[in-house]
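Reviewing the structure listed below.
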Amino acid sequence: MSPVLELRGLTIEAATAGGRHVLADGVDLSLAAGETLGLIGESGSGKTTTVRSVLGLLDRNVAVSAGEVRVLGELIQAPGVQAAGRVRGRHVGMVFQGASSSLDPLMTVRRQLREVARTHLPRLSRAERDARIAGVIARMGFTEVDRVLDSFPHQLSGGMRQRIAIALAVVTEPEVLITDECTSALDVTTQAEVVGLLASLTAASSRGTGMGMVFVTHDLMLAGEICDRIAVMYAGQIVEVGAARELITAPRHPYTRALLAAIPRWDGGEVRAIDGTAPRVTEDWPGCRFAPRCPRAEQICRAGEVPWAPLPGGGRARCHFAAGDGPGAAVPASSARR
Ligand SMILES: Nc1ncnc2c1ncn2[C@@H]1O[C@H](COP(=O)(O)OP(=O)(O)OP(=O)(O)O)[C@@H](O)[C@H]1O
């Protein structure tokens with residue numbers, strides 16, 4: 001089956017006073033119907049820029065300089081092509097961090113949902129749209145549907161508002177849902193509720209509407225819980241992609257391994273912060289971008305473009321040493337010999 005969302009060689013640049021910066025560099029990703037793809041990486045790695053390009057919501061000084069984005073096979077972003085408006089809201093839904101605070105405080109939930117439905121589902125009758133709206137509120141786990149629909153945002157809790165933000169994104173039954181740190185501002189219990197809800201939406205829709213989800217987060221363990229596959233982004237490049245379980249239990253790229261080592265553990269195991277900071281990338285950056293922070297980097301890593309290495313579990317990693325023996329054994333051949 002063809003992917004619902006496809007990014008091919010997507011390169012996004014920003015024009016700044018300090019010159020051109022590459023915010024996303026040759027990003028290749030695809031999302032199948034009903035699949036949840038995690039996009040993870042440190043702050044500033046380019047996750048938001050990448051997904052905003054799908055929505056056509058890039059800043060004015062930022063543009064796609066190479067590659068393309070397709071939704072349901074249709075070209076919506078490429079150099080000189082900006083057609084995301086054709087799919088945004090109808091075929092691609094979005095939920096951002098703090099999305100609940102972007103609800104209109106002066107409109108009831110029902111009115112806000114009606115506006116979205118009227119804009120994107122003009123062929124449905126009013127009765128059909130209202131039935132769709134009541135249905136989506138029930139799917140969000142609300143039992144008192146009319147009470148919620150007649151509420152103003154301030155009458156609802158933060159977690160309820162976030163569920164309304166999700167309802168607004170999925171009421172059109174989009175084929176693609178993009179969520180960007182949409183649970184970060186919530187307390188742990190509410191976060192668990194919202195994550196469970198998102199998981200149930202894609203699980204249900206994989207039999208029904210086939211909605212695929214891109215789940216942007218800096219939280220690798222959360223991505224592991226909810227995602228089928230995970231793509232790890234570093235300094236504008238995807239450096240490892242694989243099945244979620246495989247990637248977390250047997251990470252191959254040193255950056256993925258470093259991210260895992262930086263997660264606090266219950267068993268008192270050592271937590272290792274990643275030394276240094278991610279670079280801002282200008283146009284010509286030779287070699288592996290993680291090399292300056294990588295404990296295992298060798299001369300070859302700094303020399304030129306690093307090819308993708310296919311991994312045993314079906315994933316791939318952009319590291320010369322990713323195919324080493326054993327789980328996570330992405331070590332240079334010379335170190336391995338020592
Ligand atoms: N309009 C802009 N002009 C110049 N640089 C920008 C612009 N927007 C973003 N950037 C830079 O692009 C890089 C990637 O930012 P982006 O927000 O995509 O990263 P992120 O991985 O989503 O980070 P976070 O998790 O903090 O949201 C950062 O270095 C950021 O400063």
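The values are calculated or read from the model by the stated rules, or taken from the named source; none is laboratory data. Please read these numbers as outputs of a predicted model, since none were measured by experiment. So basically every Cβ, Gly included, is an ideal-geometry build from the backbone, and we count neighbours across all protein chains shown.
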Considering residues of the range 20-43 that are near the ligand (Cβ under 10 Å from one of its atoms) and β-branched (Val, Ile, Thr) only, the residue surrounded by the fewest Cβ atoms within 10 Å (Cβ to Cβ): Val22
Filter result (of a type in the set (A, V, I, L, M) and within 11 Å of the ligand (Cβ to nearest atom)) within the range 44-56: Val51
So, of the residues in the range 54-89 that are surrounded by 16 or more Cβ atoms within 10 Å (Cβ to Cβ) and among the basic types (Lys, Arg), which turns out to be farthest from Leu201 (Cα to Cα)? Arg70
Of (1) more than 29 Å from Thr48 (Cα to Cα); (2) surrounded by fewer than 19 Cβ atoms within 10 Å (Cβ to Cβ), Ser102 satisfies every one except (1)
Among the residues of the range 136-187, count how many are farther than 30 Å from Glu74 by Cα and of a type in the set (D, E, K, R). 6
Within the set of pairs 6 or more residues apart or between chains, which connect a residue that is over 20 Å from Leu177 (Cβ atoms) inside the range 38-62 to a residue that is part of a helix (DSSP H, G or I) and within 8 Å of the ligand (Cβ to nearest atom) with Cβ atoms less than 9 Å apart? Asp59/Thr49; Asp59/Arg52; Val62/Thr49; Val62/Arg52
Being touching a strand residue (DSSP E or B) at 6+ places or on another chain (Cβ under 8 Å), within 19 Å of Ile76 (Cβ to Cβ) and among the hydrophobic types (A, V, I, L, M, F, W, C) is the requirement here; does Val22 meet it? no
From the option list Gly224, Gly242, single residue qualifying as within 24 Å of Asp25 (Cβ to Cβ) and either touching a Phe, Trp or Tyr at 6+ places or on another chain (Cβ under 6 Å) or at pLDDT 90 or above (or both) is Gly242
Testing Val62 on (1) of a type in the set (A, V, I, L, M); (2) under 17 Å from the mean Cα position of the chain (by Cα); (3) near the ligand (Cβ under 8 Å from one of its atoms), one condition comes back false. Which one is that? (2)
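Matching residues to (1) modelled with pLDDT of 90 or more; (2) more than 22 Å from the chain's Cα centre (by Cα); (3) within 16 Å of the ligand (Cβ to nearest atom):
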| residue | (1), (2), (3) |
| --- | --- |
| Leu156 | yes, yes, no |
| Ile164 | yes, no, no |
| Ser206 | no, no, no |
| Val216 | yes, no, yes |
Residues to consider are Thr183, Thr172; find the one that is within 16 Å of the chain's Cα centre (by Cα) and closer than 26 Å to Leu7 by Cβ. Thr183
Among the residues in the range 102-111, are any under 26 Å from Met233 (Cβ atoms) and either modelled with pLDDT under 95 or under 20 Å from the mean Cα position of the chain (by Cα) (or both)? yes
Does Cys288 qualify as being part of a helix (DSSP H, G or I), of a type outside the set (S, T, N, Q) and at pLDDT 90 or above? no
Just the residues that are buried (at least 24 other Cβ atoms within 10 Å of the Cβ) and polar (S, T, N, Q), please, taken from the range 238-264. Thr256
